[in-house]
Protein chains: 4
Amino acid sequence: MKIAIVYDSGYGHTAKQAQAVAEGVQRVEGAEAIVLPVAENPEPWDTLQDCDAIIFGSPTYNGSLSARLKKFMEDATRPVWSSMKWRNKIAAGFTNSGAMHGDKLNSLIGMSLFAAQHGMIWVGLDLFASTNPEDKNRIGGWLGAMAQSDNASPDITPIKSDLETAAHLGQRVAETTKQFISGQ
Amino acid sequence: MKIAIVYDSGYGHTAKQAQAVAEGVQRVEGAEAIVLPVAENPEPWDTLQDCDAIIFGSPTYNGSLSARLKKFMEDATRPVWSSMKWRNKIAAGFTNSGAMHGDKLNSLIGMSLFAAQHGMIWVGLDLFASTNPEDKNRIGGWLGAMAQSDNASPDITPIKSDLETAAHLGQRVAETTKQFISGQ
Amino acid sequence: MKIAIVYDSGYGHTAKQAQAVAEGVQRVEGAEAIVLPVAENPEPWDTLQDCDAIIFGSPTYNGSLSARLKKFMEDATRPVWSSMKWRNKIAAGFTNSGAMHGDKLNSLIGMSLFAAQHGMIWVGLDLFASTNPEDKNRIGGWLGAMAQSDNASPDITPIKSDLETAAHLGQRVAETTKQFISGQ
Amino acid sequence: MKIAIVYDSGYGHTAKQAQAVAEGVQRVEGAEAIVLPVAENPEPWDTLQDCDAIIFGSPTYNGSLSARLKKFMEDATRPVWSSMKWRNKIAAGFTNSGAMHGDKLNSLIGMSLFAAQHGMIWVGLDLFASTNPEDKNRIGGWLGAMAQSDNASPDITPIKSDLETAAHLGQRVAETTKQFISGQ
């Protein structure tokens, strides 16, 4: 079982979140995480075709997906959409921004609409929100995993709880994908 | 395998769409559709707990879910959310309005956010859009099934293609649910 | 110049936010705030017709507007929409929820779509986000004012910075409305 | 009074819609429309600073703003956001896609969130929806102007009613801007 993590990152914070998602995926026996930053993988169509699930990641800039992730989506649609090659793949998403809320929801909605247009099945976050900064889902989102990063090095931000939230999403996607492909 | 269709309808048009969704569900061997208009089923918690999937339906009024469907969501959350009883149930949605676009997307987003908060897995519509009024998905939505109704009797509106779109969604949800529970 | 604040509140937290919005409105010379909780004002059509602006407020429950505020919207639409009586009134919104993010954005989007359908003009929050809990816009939203409330008395939550954010929105709406009606 | 129309267009259809918006703007005495396709105007900061209103336009690709318009937004934010240079400018939006619904709403939401983050004031469409293809707002949107284009030359698609809808938005933005700046 292969799970791709396709993401954009401006300054390394979303990349760190992507890495945490990958670690969560690999907690599940038989699941392999394939991490694909879009800036370095402009046309990963064959790799993605082999995957059972695709998890999308983007910074939230100005209340929506980064232009680079959006360009990947447009590029991806041309070769795969007309034959609905991603139909029934599992999909999920994560996003990071400087503000706590930061209109992050709108980025996740953008990913889920893209996934729906490709006939994919969307998996969110089954975690209660907490206002304790040390807890998973301290930010309080469910459509996907959210993180908040200060204007500091990715070594120290996003904080541990946000990375654990990201890992939880990765693990959940892997478990869901496993169940779904076992049922074929 | 049981699939609930929980919906609100103001004048019978969304009810007709709900009926079409139910017919689509029943095309799949082993799938039973349970149709629950919220106005007549204020507390269907036990019935819903027995279901493997829940499909939500609402008219789009003023660009969002009807107050009655929203009240059902709030009522449902109290008994089921704190123990995440709907976790991993399959979810989907449909909506109807008088205008072609009519901000229907926002109602489907409202349903998908509700489903995500409950840990459900969202299934959309794997149909290309068409501008031929006789074709399925003539309106062009993917997060769920959309219908458009004129100010006329539910006997004649929404039109056949919108009902076939709704049935397609029901069938797809049943097939997806079947695969998902087979993999447990 | 009259500015209505039409809101729903489940446990008093959004009511407190509404009060702060009203205080912000009244900072502007010549502006009168009229506070209308929907539960106690089921049909305030004449009062609203006299107002130059309407600010909507709702808790975010399950990722969208409360059923009670939505019901107000549906009720309001019947008497005023067909003659577009609210056309060119200024509109704005605020929302409160238990989680920091809590999908609050979707409630504000619901309000702004409602306002757009009524031909109203939408004013958001001209405040940079901060991650300092003592600063205005500590949550980081712009389409309207956001607040976060713990499971505690409205006497202590939402915190001061969220109330100042709400007051800032009220003041901004009053200033914008003043300019807009002066230009007639 | 100057009103910029900043848009992206893939195949000329959204460009035609932009032209109609410009014609609507120029119906208002004293209003000058400045049409800026982003592909040819990568850094129009000084021109935009001189404008009283900015109308954004984009095709809806995969349920959201085009990557090119999003890149413009990210580029614009750097020079203008930190000093909130666009605060209180009037904003509006239009979008075009191949399907009738086509998740166009989400593109307009993306524009309105961007505008809100910049402290702009949002003006939508004060037009009732119609299901008569010859009428303005035949598609049925309000947050901005929507158009639908077939896979054909921009000479014949979008159709006249969609262009009239676009022109109506342009005129409305010009009238609103005029009133707003007269009131300063």
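The values are calculated or read from the model by the stated rules, or taken from the named source; none is laboratory data. Please read these numbers as outputs of a predicted model, since none were measured by experiment. Neighbour counts run over all protein chains shown; Cβ positions are idealised from the backbone, glycine included. For the accessible areas, the whole protein counts, side chains as well, though only heavy atoms, and no ligand, DNA or RNA atoms are used. Shrake-Rupley method; radii C 1.70, N 1.55, O 1.52, S 1.80 Å.
General remarks:
- DSSP loop GluC sites (Glu not before Pro) with at most 15 other Cβ within 10 Å excluded, longest remaining stretch of chain B: B:41-133
- Here the range A:1-125 has 45 percent of its accessible surface on carbon and sulfur atoms, given a 1.4 Å probe and all protein chains in place.
- In the range D:45-67, burial by the other protein chains removes 50 Å² or more of 1.4 Å probe accessible surface, compared with the chain on its own, from D:ASN62, D:ALA67.
- Counting only protein heavy atoms and using a 1.4 Å probe, the accessible area of A:VAL28 comes to about 10 Å².
- Eligible aspartates and glutamates near D:LYS71 by straight Cα distance, threshold 14 Å, same-chain separation 8 or greater: A:ASP8, A:GLU74, D:ASP8, D:GLU40, D:GLU43
- Helix axis angle, C:104-117 relative to chain C longest principal axis, alpha carbon, degrees: 10 degrees
- Counting every pair of alpha carbons in the range A:127-181, the share spaced more than 17 Å apart comes to 40 percent.
- The dipole here belongs to the protein assembly as shown: it is taken about the Cα centre, uses +1 on the Cβ of Lys and Arg and -1 on the Cβ of Asp and Glu, and is about 0 debye.
- Other copies of D:VAL80: label-to-label distances in nm, shortest first, labels 7 Å along the beta-carbon direction: 3.1, 3.5, 4.6
- Rounded to the nearest 20 debye, the dipole magnitude of chain A is 400 debye, with +1 charges on Lys and Arg beta carbons, -1 on Asp and Glu beta carbons, and the Cα centre as origin.
- Inter-chain Cβ neighbour count for A:178-184, averaged per residue, equals 5 (cutoff 10 Å, partner chain atoms only).
- Axis angle, to the nearest 10 degrees, between helix A:67-80 and the longest C-alpha principal axis of chain A: 10 degrees.
- Candidates C:SER64, C:SER112, C:SER82, ranked by Gaussian network fluctuation over chain C, Cα under 10 Å, top entry: C:SER82
- Comparing B:GLY24, B:GLY144, B:GLY110 in a Gaussian network model of chain B, where Cα atoms under 10 Å apart are tied by springs, the biggest mean-square fluctuation is seen for B:GLY110.
- Loop sites in the range C:10-64: chymotrypsin sites (Phe, Trp or Tyr not before Pro), DSSP, at most 15 other Cβ within 10 Å: C:TYR11
- Shape of the protein assembly as shown, Cα gyration tensor, a/c cut at 1.5: rounded
- Surface/4 of the Cα convex hull for chain C, nm²: 9.4 nm²
- Solvent-accessible area lost on pairing D with A (1.4 Å probe, both sides summed) amounts to about 1600 Å².
- Using the 1.4 Å probe convention, the accessible area of the protein assembly as shown works out to 33 Å² per residue with neighbouring protein chains retained.
- Summarising the strand pairing of the protein assembly as shown, around 15 percent of its internal DSSP beta bridges are antiparallel.
- Listed residues C:ARG78, C:ARG138, C:ARG27, most fluctuating in chain C (Gaussian network, C-alpha, under 10 Å): C:ARG78
- Phi angles across the range C:88-102 convert, under the Karplus curve 6.51 cos²θ - 1.76 cosθ + 1.60 with θ = phi - 60°, into 3J(HN,Hα) values of 6, 5, 7, 10, 7, x, 9, 8, 9, 8, x, 8, 4, 7, x Hz, Gly and Pro given as x.
- In terms of its C-alpha gyration tensor, the range D:10-96 has an oblate overall shape, because the principal axis ratio a/c (a ≥ b ≥ c, square roots of the eigenvalues) is not below 1.5 and a/b does not outweigh b/c.
- For residues of B:12-25, the mean tally of beta carbons on other chains within 10 Å: 0
- Chain D: angle of helix D:160-182 to the longest principal axis, Cα-based, in degrees nearest 10: 20 degrees
- Residue pairs exceeding 28 angstrom between C-alpha atoms, taken from D:LYS85/D:LYS136; C:LYS70/D:LYS89; C:LYS104/D:LYS104; B:LYS136/D:LYS160; A:LYS2/A:LYS136; A:LYS104/B:LYS16: D:LYS85/D:LYS136; C:LYS70/D:LYS89; A:LYS104/B:LYS16.
- Mean per-residue shielding of peptide D:144-153 is 1, counting Cβ atoms of other chains within 10 Å of each Cβ.
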